[in-house]
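What follows is one structure encoded as structure tokens, with my remarks underneath.
Bear in mind that the values in this text are calculations on the coordinates, not laboratory data. In this text the structure is predicted, and so the values were computed from the model without any measurement. Here the Cβ positions follow ideal geometry from the backbone for every residue, glycine too, while neighbour counts run over all protein chains shown.
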Amino acid sequence: MSSVPDGKKLVRSSSGLRMVPENGAFNSPFSLDEPQWVPDKECPRCMQCDTKFDFIRRKHHCRRCGRCFCDKCCSKKVALPRMCFVDPVRQCAECSLVSQKEVEFYDKQLKVLLAGGTFVVTLGTSDKSETMTCRLSNNHRYLFLDGESHFEVELSRISSMQILTDGTSPGGGTSRASGMLLHYKPMGSLDAQQLQMEAAEDKKVASLWLAAMHKAAKLLHEARDQ
């Protein structure tokens, strides 16, 4: 392995090259660990089409699920940013579909979260609110809220998140995200704190940010359940 700038290192595994944080404690909360591969001796047939492996039909492991497949059932190479792979890696049909959807999150929604949105923020049961810019930190680990004051919410300490809507969008159709209510445990506290955010100023930008945060919450839930 070799060190590179920004506190990351290049690591070579059996699945390919990965760019990971120098300190594992600073992994992105969206990241997934590499799976254990099904041992070759336990896999005489493709786990999708049941084709028997021989000298001609060779076995391949999906880099996302670790299961064993023939070339036909595991031929796609797709980007897998949640495991920090530098290049697209071999995945089975089922996993490649999931990974392709996640690539859209990294290419689009994650950039929206990093850019931030403006909200009216109310902490706890306080009757005082403050207009703040909320954005995701570059390492994806915190929500930064900046206004006259500043505070941070660590994503791993969020216990629940609810996206608030404003009814139907102009011209009809589906409702538009207008705010967010979340509960989290501040560092050093066992008691949950409530945080409410309502769109301010550019409501379109805020709605896009909230929609991206909803997608991020799903990925966080999946990462915790792995």
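Each residue of segment 189-199 in order: what ³J(HN,Hα) in whole Hz does its phi give by Karplus 6.51 cos²θ - 1.76 cosθ + 1.60, θ = phi - 60°, with x for Gly and Pro?
Rounded to whole hertz, the list is 10, 9, 8, 6, 10, 9, 9, 10, 10, 10, 4.
Which of the lysines could a cross-linker bridge to LYS77, judged by Cα under 19 Å and excluding same-chain residues fewer than eight apart?
LYS59, LYS101
Going through the cross-link list LYS128/LYS218; LYS72/LYS108; LYS9/LYS203; LYS9/LYS108, which pairs have a Cα-Cα distance over 28 Å in this structure?
LYS128/LYS218; LYS72/LYS108; LYS9/LYS203
Relative to the longest principal Cα axis of the chain, at what angle does helix 93-104 sit, 0 to 90 degrees, rounded to 10?
Roughly 30 degrees, rounded to the nearest 10.
Label points 7 Å out from Cα along the Cβ direction at PHE55 and LEU97: separation in nm?
3.7
When the convex hull of the Cα atoms of segment 8-110 is projected onto a plane and the area is averaged over all directions, what value comes out in nm²? Before the final figure, lay out each step's value.
On the way: hull surface 27.9 nm².
Mean shadow area of the hull around the Cα atoms is 7.0 nm².
If we sort 74-86, 92-104, 42-54 on the protection proxy, mean other Cβ atoms within 10 Å, highest first, what's the order?
So the order, starting with the most tightly packed, is 74-86, 92-104, 42-54.
What's the magnitude of the charge dipole for the chain around its Cα centre, counting Lys and Arg as +1 and Asp and Glu as -1 at the beta-carbon? Answer in Debye, nearest 20.
Its charge dipole is roughly 1280 debye.
Could you tell me which residue out of SER15, MET83, LEU32 lies farthest along the dipole of segment 8-110 toward its positive end? Charges go on the beta carbon: Lys and Arg +1, Asp and Glu -1, centred on the Cα centre.
Working it through, the farthest residue towards the positive pole turns out to be SER15.
Which percent of Cα pairs goes in each bin when the distances of the chain are cut into 10 angstrom slices starting at zero?
7, 27, 28, 20, 12, 5, 1, 0
Suppose a student asked you for the relative contact order of segment 8-110, using Cα pairs under 8 Å spaced at least 6 residues apart; what percent would you report? Display every interim value, and only then the final one.
Numbers: 159 pairs, mean separation 24.3, N = 103.
Normalised by residue count, the contact order of segment 8-110 is 24 percent.
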